[in-house]
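Working notes for the structure below.
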Amino acid sequence: MQNLPDGTLYYPDFLDGPAQELLLKSIRDVVSEAPLFVPRMPKTGKPMSVRMTNCGPLGWVTDKENGYRYQAHHPQTGKVWPDIPKQLLDIWQELSTYSHPPEACLVNYYEVDAKMGLHQDRDEQEFDAPVLSISLGDSALFRIGSENRGGKTTSFKLNSGDVMLLSGKSRLAFHGVSRIYPGTSMLLKQEGRINLTLRRVTKAS
Ligand code: MD3
Ligand code: FE
């Protein structure tokens, strides 16, 4: 792979078709228990174009009043998040080299016109743990740079079944999703893309 930042491991086609189908089934169950919500920017309340939900003991949420944070409950139902599917815990075990399980799995759903601007993920207490990302459905153009905003970035496509592990220097790299390519996968019943990120949130004792 071309010029990935140090610490980025990219596993194209890590999940085969049947594994993607199985994972998608579990994610459908997660979404029916914990419906997708519209995340809103801190202070302005501007809606993001991506819809989200979570599974695991903690989930990432954001709203106008309280901003970015992890919490144990769905912002609308008030229920605890569903469990992380076993298939995902096994992938974390296989690839992460981190000796504790993930605490959060953020589920991002992109309709074809959704994007995610360049940002850093720094709402976790533990940056020593990697972030593991899994793509399902239509392909996306993913952009990643360095720890400094305004540094040079490289872009590449993430396809259904691809897995990426961000550790070390790349863990605090700026990154985002510039566009979705409709009609590039038959996995989902509609156009769009799902991204799953497995994360450690608290420091393991
Ligand atoms: C690099 N998600 O949820 S996944 C996010 O495709 C997020 O939905 C994007 O950025 C998506 O925060 C990108 C790849 C990814 C995930 C987490 C990272 C790259 C990362 C954390 C640090 C550095
Ligand atoms: Fe991110």
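Miscellaneous remarks
- Of the trypsin sites (Lys or Arg not before Pro) in segment 130-185, those whose Cβ has at most 13 other Cβ within 10 Å and which sit in DSSP loop: ARG149, LYS152
- Qualifying aspartates and glutamates (Cα of each under 14 Å from Cα of LYS157; at least 8 residues distant if same chain): ASP13, ASP138
- Label point at GLN120 placed 7 Å out along Cα→Cβ; residues across segment 60-75 whose backbone nitrogen lies under 18 Å: 68-70
- Between amide H atoms placed 1.01 Å from N, distances below 5 Å from TRP81 occur with HIS74, all of them 5 or more places distant or on a separate chain.
- Loop-located chymotrypsin sites (Phe, Trp or Tyr not before Pro) across segment 22-72 with a Cβ neighbour count of 16 or fewer within 10 Å are TYR68, with loop assigned by DSSP.
- Residue-wise HN-Hα coupling along segment 52-67, computed from phi with Karplus coefficients 6.51, -1.76, 1.60 (Hz; x: Gly, Pro): 9, 8, 9, 9, x, x, 10, x, 8, 9, 8, 8, 4, 6, 10, x
- P(r) histogram, all alpha-carbon pairs of the chain included - 10 Å bins from 0, percent: 9, 36, 42, 13, 0
- 1.4 Å probe accessible area per residue over segment 80-192, in Å²: 46 Å²
- Taking label positions 7 Å along the Cα-Cβ direction at both LYS43 and GLN71, the computed distance is 2.1 nm, reported to one decimal.
- Estimated FRET transfer efficiency (ASN148, ALA204; beta-carbon r; R0 25 Å; 0.05): 0.30
- Alpha-carbon centroid distance for the pair segment 112-169 / segment 30-106, whole angstrom: 16 Å
- For segment 48-94, the carbon plus sulfur part of the accessible surface works out to 50%, probe radius 1.4 Å.
- Listed by chain and number, the lysines whose alpha-carbon sits under 17 Å from that of LYS46, ignoring those within fewer than 8 places in the same chain, are LYS64, LYS115.
- The chain, relative contact order [Cα under 8 Å, separation at least 6], %: 27 percent
The values are calculated or read from the model by the stated rules, or taken from the named source; none is laboratory data. Note that the structure is a prediction, hence the values are computed from the model and not measured. We place every Cβ from the backbone using ideal geometry, glycine too, and count neighbours over all the protein chains shown. Ligands, DNA and RNA are stripped out before the accessible areas are found, and what is left, the full protein with its side chains, is counted by its heavy atoms. Shrake-Rupley method; radii C 1.70, N 1.55, O 1.52, S 1.80 Å.
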